[in-house]
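Working notes, beginning with the structure itself.
The values are calculated or read from the model by the stated rules, or taken from the named source; none is laboratory data. Just so you know, these numbers come straight off a predicted model, no measurement behind them. Here the Cβ is made from the backbone with ideal geometry for all residues, glycine too, and neighbour counts use every protein chain on show. Each accessible area value is taken on the protein alone, full model and side chains, heavy atoms only, with ligands, DNA and RNA left out. Shrake-Rupley method; radii C 1.70, N 1.55, O 1.52, S 1.80 Å.
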Amino acid sequence: MNKRITLVAAFMAAAMGINAQRTMNAPKGGKVISDQLIGIFFEDISSSADGGLYAELVQNGSFEFNPNERDGWGPATAWRIIRPGHSLGMLETRMTDGIHPNNPTYMRLHTERTREFQDYKGWKGFGLQNDGFDGISVKGGANYDFSIFMRNIDEAKQVRVALVEPAGWGRDPKLLAETTFNVSDKSWKKYEAVLSPNADSQKASLQILVLQNGDLDVDMVSLMPQDTYKGHELRKDLAQALADLQPKFMRFPGGCVVHGGGDGFWNTYRWKTTIGPKEQRRQLKNTWGYHQSMGLGYFEYFQFCEDLNMEPLPILPCGVSCQGANGGWNMWPTQAQDVLPMSEMDEWVSEAIDLIEWANGDPATNKWAKMRADAGHPAPFNLKYLGIGNEEKISPEFIERFKYIYERVTKAHPEIIIVGTAGPGSHPENPDYESGWKLAEELQMPILDEHYYEQNKYFLSSRQYDSYPRDRKTKVYLGEYAAKDKKLIDALAEGLYLLHVERNGDVVCMTSYAPLFARKNATNWNPDLIYFDNERPFLTCSYYVQQLFGQSAGQYYYGNCVTFEGDAAGVVQPQPDVHYGQSVILNVKTRKLYVKLVNAGAVAKTANINLARFGLKKQATKTVLTGQANDENNFEQQPIAPKTETIKAQKKFKYELAPYTMVMFEYSL
């Protein structure tokens, strides 16, 4: 255990910005804080993955939707039969001899008659149409990779694939792109082509038409833009919005998604079934009532972390269900948990150890690492953090199972920093919070994950981390938090609270706003940081506050460089029930200094700023986020956005901080 403490302490020291060279380069008066304070938390909620960050344009391309996920759903959900020229045929759902046991369902197209009907001018065949997620949005001249698995049953056939803009009855669809495959193989074969639309369309459809009579099996239909984020199958504009936050880590895949769909442990999220070829991944009912294709799986999560230079923070279940499943939140605080027998816990220990070895191991000696290499990433992902559990009720059953996993994982991999959970609702008056911290201190856990969602008045007034003991070995990760609305006043309340977090950056080492994404017309939870439709992201006021804090990470906090006129001598903001504050952060790696001011009140405040201890270069930048308290960015209007200008750097000056405003000054040293 001594070796583990030493290794973890070294990681934590790096995260908290401690080393000899940095100390020499920092002027006196600064407090060492974490420079990993702003990260992101991705959970597949509100269609954040399929139809969102994952760039796949076909919905239910594997035909694995089923009624267990939503009443009325089935393998043909998001598909419909098409019969141009009054062709005849039948669609049959089959599950025998599929591509892979994890992906058993496919469709058999039985074509009885194909003919050309004069009003359709050349269109014929029997087949299927998919309209994607509220339509397929394509750009003229762009390239889209189409793929499909097909198996011919009798005579060879031609299969026409067309990207079209459907028209009304008796009128031709508008053809955007097409290709034809000759299919004769009697075993599953993958067919691929590039479709290049001849015009833009926001409501395109994909058609698959069999042109000869007989039977044909189809599965795993995909239409993927070639222009994805760094070529890694993530939607470019949504991924860029995350990159612009400059996050230092990403927590995934949840959230409540970690525990599965609330139907039993059979439906728990298992990382091993989300890697490997897409056609071999086990798809899953989502906790939030829809389908997860797992096209965005653990390999893609880790790859995205690497693309954005973020630390990956995967969260694994620990043998205890989410107490909120199946209406459990309505029984709070007495709801029961489903628990696995202790005799089955070794499987979940292996789940964690195998993940570490998949991420970090040597492909030459480790089978899990070889799977990573076979997927195209022979180098290790350098996993440092691993979360066990997600806001479970800290019951005796949870404690027993958490200890069992924790002790075995830390023994096998003492270099990994384990993140525990403080339960749902991390407030001192919550008994789970007290029990969670007691367990953390007993185990000398490196990091404990706290969650809370509150009205903006909480974030305007609470300064809970001021009272946290400074001698605790366990640091705080504020893994889920948000004010319960998306107006400017809510974002500024969060900004004021983050000033408080920075001041306590020796206690708090990481934070992440939640939830991250929500699709228009498919939103399970409000508010969210980024809303989107098929065409663009819509950035909230809170997004821009997070962005300013993400841009201004550093290793040293200076609390006495800014004073506000009218405050008593020696007062350091932010204070409880005072709705304005400041923070000065030094990043010794980049030699940047950041001064942040927040005014969440209706009265202007004058700030006296003294940066004489720092060697400032001649120019600086000023970024201002301002508006009315109830201003809100939505799908119709985006009135709130930061404005940046270049200014002359001054060591001493006064600044009039307008009501409902956040300002950040950035200096080069």
Scanning region 465-480 for residues that are touching a helix residue (DSSP H, G or I) at 6+ places or on another chain (Cβ under 8 Å) and hydroxyl-bearing (Ser, Thr, Tyr) gives Tyr465, Thr474
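Could you check region 577-596 and list, in sequence order, the residues that are in contact (Cβ under 8 Å) with a residue 40 or more places away in the chain and either part of a loop (DSSP other than H, G, I, E, B) or open to solvent by 10 Å² or more (accessible area, probe 1.4 Å) (or both)? Full working, then the answer.
We begin by selecting, within region 577-596, every residue in contact (Cβ under 8 Å) with a residue 40 or more places away in the chain; these are 577, 579-583, 585-589, 591-596.
Those that are in contact (Cβ under 8 Å) with a residue 40 or more places away in the chain and either part of a loop (DSSP other than H, G, I, E, B) or open to solvent by 10 Å² or more (accessible area, probe 1.4 Å) (or both): Asp577, His579, Tyr580, Asn587, Val588, Lys589, Arg591, Lys592, Tyr594.
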The condition from (1) of a type outside the set (Ser, Thr, Tyr); (2) more than 16 Å from Gly127 (Cβ to Cβ); (3) open to solvent by less than 30 Å² (accessible area, probe 1.4 Å) that Leu206 misses is numbered (2)
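Checking the condition part of a strand (DSSP E or B) and open to solvent by less than 30 Å² (accessible area, probe 1.4 Å), which residue from Ala177, Ala199 passes? Outline the logic, then answer.
Details: Ala199 fails: part of a strand (DSSP E or B).
Going through Ala177, Ala199 in turn, the sole match is Ala177.
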For Ser222, indicate whether it is over 15 Å from Leu109 (Cβ atoms), in a strand (DSSP E or B) and open to solvent by less than 20 Å² (accessible area, probe 1.4 Å).
no
Between residues in region 639-651 that are over 16 Å from Asp244 (Cβ atoms) and residues that are modelled with pLDDT under 95, which pairs lie under 6 Å by C-beta distance while being six or more apart or on different chains?
none
On the given criteria, is Thr410 farther than 27 Å from Pro515 by Cβ, in contact with a strand residue (DSSP E or B) (Cβ under 7 Å, 6 or more places away or on another chain) and touching a residue at least 24 places away in the same chain (Cβ under 8 Å)?
yes
What about Val320, is it among the aliphatic types (A, V, I, L, M), modelled with pLDDT under 95 and farther than 25 Å from Phe41 by Cα?
no
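For the condition under 13 Å from Val320 (Cβ atoms), charged (D, E, K, R), open to solvent by less than 60 Å² (accessible area, probe 1.4 Å) and free of Cβ contacts under 8 Å to residues at least 60 places away in the same chain, what is the one hit in Lys393, Lys403? If you could, list the steps in order and put the result at the bottom.
Working: Lys393 fails: free of Cβ contacts under 8 Å to residues at least 60 places away in the same chain.
Just one listed residue meets the conditions, Lys403.
Look through region 429-444, keep the residues that are open to solvent by 80 Å² or more (accessible area, probe 1.4 Å) and part of a loop (DSSP other than H, G, I, E, B), and return whichever of them is nearest to Ile399 (Cα to Cα).
Step one: list which residues in region 429-444 are open to solvent by 80 Å² or more (accessible area, probe 1.4 Å), which gives 429, 431, 434, 438, 441-442, 444.
Filter once more, so that each one left must be part of a loop (DSSP other than H, G, I, E, B): 429, 444.
Working: Glu429: 20, Gln444: 14 Å.
By that ranking, first place goes to Gln444.
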Going by what's in this entry, would Val572 be described as touching a Gly at 6+ places or on another chain (Cβ under 8 Å), closer than 21 Å to Gly495 by Cβ and either free of Cβ contacts under 8 Å to residues at least 24 places away in the same chain or surrounded by fewer than 15 Cβ atoms within 10 Å (Cβ to Cβ) (or both)?
yes
Would you mind telling me which numbered condition in (1) open to solvent by 10 Å² or more (accessible area, probe 1.4 Å); (2) among the hydrophobic types (A, V, I, L, M, F, W, C); (3) within 30 Å of Tyr544 (Cα to Cα) Ala239 fails?
(1)
Exactly one condition in (1) within 22 Å of Glu480 (Cβ to Cβ); (2) of a type in the set (Gly, Ala, Ser); (3) at pLDDT 95 or above is false for Gly262; which is it?
(3)
